[in-house]
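Asks: Got a structure for you, questions after.
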Amino acid sequence: MILVFLIWSLAFFVFFVLGFSIVKLINRIAGNKVTTANLHLDEYFFMGFLTLATLCGYLSIWIPIGYRLLIFVSLLSFLLFIIYFKEIRILVGGSISEFSLLKKPETLLIILLAILLLTVVIQKVTWYDTGLYHAQSIQWIQKYAVVPGLGNIHGRLATNSMFFVICGLFTFKIKDILIFPLNGICYVVLIIRLLSQSSIDAKPGSIWKSVMYIVLILISLITMIPTLNSASPDIICGILIIYAFILLINHEEKIMHFDLKNLVLFNLLVFNCISFKVSSLFLIISLVLYFDKDVIKRGLITIILGILIFTPYLIRNYYLSGYLIYPFPSIDIFNVDWKIPIEKAIDEKAWIVNWAKIPGVSYLEVINLKVSEWIIPWFKNLSDNNRIFLLVNSFSIITFIIMVLKKDYFLASIQFIILINLIFWFLMAPDPRFAYGFIIFGFSLTIAFLIKILEYSKLSVISKYFKICLTFLLLFIIFYNKSYALAVLRKHSLMLQPEPFETVETKAYNSGFDYRIPVNDDKCFNAEIPCVPYQISNVVLRGTDLQDGFKVVKK
């Protein structure tokens, strides 16, 4: 626990200081002389995290993203901290004063949740995809600049998520321990914002918001706890989507007035989220809500930021696979020697899409099924929790109509964006983890809007006590997950460091270059690269070493 806490502290320090420095620069560009208290601490944190993720994307094209770069970034952050020390001290002091205004039960709840999350992330990483290809992708990023045709040795290494790039900077290996801290620290920052906001909005007229924040915590805990210690892009995208909608709801009035730093932050959230997970594509519609005024100015800024953020993503796709976006072979505009064969790209896409519909069944049996033929087996395969979440989301169609009838157009717009994204997700690849953020926020907004309706009706007494019930339910979830804390008490070494990352026995092979295959497993975990789950027969090096990349040769 102590080791993870220290790593979380380092990540928070780096992201916060970089975010603060970037806001200073933005204020100078915008001619804003205000120097402190521009944003909440969490907004500075995400500003720094997402900007650094974009910068690392560019750097990864030319250099490895590893410990040397982390040392440089940490020293730069420390230097910036010294330069802006007085202003940062004022900002942090003000935030501490605001935090001290929370009631004791609320403060205790934050502490309990932080301890719970710490005990969760030090457990053994069990997420299948992290063992299959997340850890391997990150290891390639840490040791090499982008490798042309890397997807030729294992297709999953070409499913480029820019989250793996920033993970390359913040993944720590100590002997047999591998720590992926970013999902955990980002979720902690989100939780603290939600709890603080819930306390602020616990007043007549905004109780529905307070309820929504508690529901968001409840559902996200249930959904995300098992994978917080992994490098899963599904989790970080869920966090960013929830956070983006929170900013929209809390900045509804501010959106009308042009504020460059808020616009930049929201663009960073949207475009980075899509580059982390392309299934979040239609989150881009939410940017329209920022175009209420100064359409041309805001539109140009959005286009410029979109180009800046997507450029390294597209370049990495080009090198890893030979396609602009992989695995979407319909966008086929390049003809390079490292290009993944078109039939393999088609196969990879079909596997991902159809596995999401009916897991465990060959995609060849699913690919030609109509929606009416696969929807029932798909629904039966869902967990009970996911069934409930999706059923409540289906009622959001009704709440959307009510929002429109009540002329609550802003909330209706947010509900519409969620519905569009869920429809896209359902038709493309309906695995719940691909749409965590939309499912969780859609569920919470639907419940909260019902409370909003009740708040000014004869049933308003229900809304007053609903939050109390939710808080007790949150305490129950913390207690229900006590097994994580008990594991720490049983194994005292966990107080210092997490469980070791799983290892696997591998066997050496050669295809003009040395590589390894796991014995009796399909996961390489963090075995020495190159490691792939199957024997290679028609792939060779393009040059003399691994940095030169791989190409397919016809036999």
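Just so you know, all these numbers are worked out from the coordinates, no wet-lab data involved. Note that the coordinates shown come from a computational prediction; the quantities given were computed from them, not determined experimentally. We place every Cβ from the backbone using ideal geometry, glycine too, and count neighbours over all the protein chains shown.
Asks: Restricting the calculation to Cα positions, tell me the Rg (one decimal) and the Dmax (whole number) of the stretch 264-329 in Å.
Replies: 13.0, 41
Asks: Report the antiparallel proportion of the DSSP beta bridges in the chain as a percent, rounded to a multiple of 5.
Replies: 90
Asks: Ok, one more. Take every Cα-Cα pair in the stretch 328-485 and report what % of them are more than 28 Å apart. Show your work: numbers first, answer last.
Replies: Values: 5299 of 12403 pairs.
The proportion of pairs with Cα distances above 28 Å equals 43 percent.
Asks: Okay, next question. Want the number for Ile82 to Ser537: 0.36 nm per residue separation, take away the alpha-carbon distance, what's left? Walk me through the numbers on the way to the answer.
Replies: Working: separation 455, 0.36 × 455 = 163.80 nm, distance 5.55 nm.
Length difference between fully extended and current span is 158.3 nm.
Asks: Kirkwood Rh, the chain, all Cα pairs: how many Å?
Replies: 24.7
Asks: Could you work out the relative contact order of the chain, using alpha carbon pairs under 8 angstrom and six or more residues apart, expressed as a whole percent?
Replies: This gives 21 percent for the chain.
Asks: P(r) of the stretch 133-212 in 10 Å steps, Cα pairs, percent per bin?
Replies: 16, 32, 20, 16, 13, 3
Asks: Could you line up Leu287, Leu216, Leu475 from fewest to most neighbouring Cβ atoms inside 10 Å?
Replies: Ascending number of Cβ neighbours within 10 Å: Leu475, Leu287, Leu216.
Asks: While we're looking at this one, here's another question. Can you pull the Rg over Rh of the stretch 208-293, Cα-only, Kirkwood?
Replies: Numbers: Rg = 14.0 Å, Rh = 14.0 Å.
Over the Cα atoms of the stretch 208-293, Rg/Rh equals 1.00.
Asks: Which of Trp355, Trp208 comes first, and how do the rest follow, when ranked by fewest Cβ neighbours within 10 Å?
Replies: Trp355, Trp208
Asks: How high is the relative contact order of the stretch 193-339? Use alpha-carbon pairs under 8 Å, at least six apart in sequence, and give a whole percent.
Replies: Details: 107 pairs, mean separation 21.4, N = 147.
It rounds to 15 percent for the stretch 193-339.
Asks: Could you pull out the pairs from Lys407/Lys452; Lys175/Lys491; Lys482/Lys523; Lys173/Lys523; Lys344/Lys507 whose alpha carbons sit more than 22 Å apart here?
Replies: Lys482/Lys523; Lys344/Lys507
Asks: Test of understanding: ordering Ser383, Ser77 by Cβ neighbours within 10 Å, fewest first, what list do you get?
Replies: So the residues, fewest neighbours to most, are Ser383, Ser77.
Asks: To continue, here is another question. So, in Å, what gap is there between the alpha-carbon centers of the stretch 346-419 and the stretch 83-143?
Replies: 31
Asks: Okay, next question. If Lys and Arg each add +1 and Asp and Glu each add -1, what is the summed charge of the other residues whose beta carbon sits under 13 Å from the beta carbon of Tyr319?
Replies: Within the 13 Å Cβ shell, the charges total +2.
Asks: Sticking with this one: With equal scatterers on the alpha carbons only and no solvent term, can you work out the Debye log10 of I(q)/I(0) for the stretch 2-328 at 0.11, 0.13, 0.16 1/Å?
Replies: -0.71, -1.02, -1.58
Asks: Something else now. Could you work out the relative contact order of the stretch 2-328? I mean the mean sequence separation of Cα pairs under 8 Å and 6+ apart, divided by the number of residues, in percent.
Replies: Answer for the stretch 2-328 is 23 percent.
Asks: If you don't mind, another one. What distance in nm separates the simple spin-label points at Tyr67 and Leu405, each placed 7 Å from Cα in the Cβ direction?
Replies: Going from the Tyr67 label point to the Leu405 one covers 6.4 nm.
Asks: Once the mean 1/r over all distinct Cα pairs of the stretch 1-159 is inverted, what Kirkwood radius in angstroms do you read off?
Replies: Hydrodynamic radius (Kirkwood, Cα pairs) of the stretch 1-159 is 18.5 Å.
Asks: Wrap a convex hull around the Cα atoms of the stretch 320-376, take a quarter of its surface area, and give that in square nanometres.
Replies: 4.4
Asks: Mind giving me the FRET efficiency for Leu101 and Glu505? R0 is 45 Å, r the Cβ-Cβ distance, nearest 0.05 is fine.
Replies: Here the calculated transfer efficiency is 0.20.
Asks: Another question, if that's okay. Give me the mean projected area, in nm² to one decimal, of the convex hull enclosing the Cα positions of the stretch 176-219.
Replies: 3.4
Asks: Efficiency by 1/(1 + (r/R0)^6): what FRET value for Ala487 and Asn368, r their Cβ-Cβ distance, R0 = 56 Å, to the nearest 0.05?
Replies: That pair, Ala487 with Asn368, gives E of 0.75.
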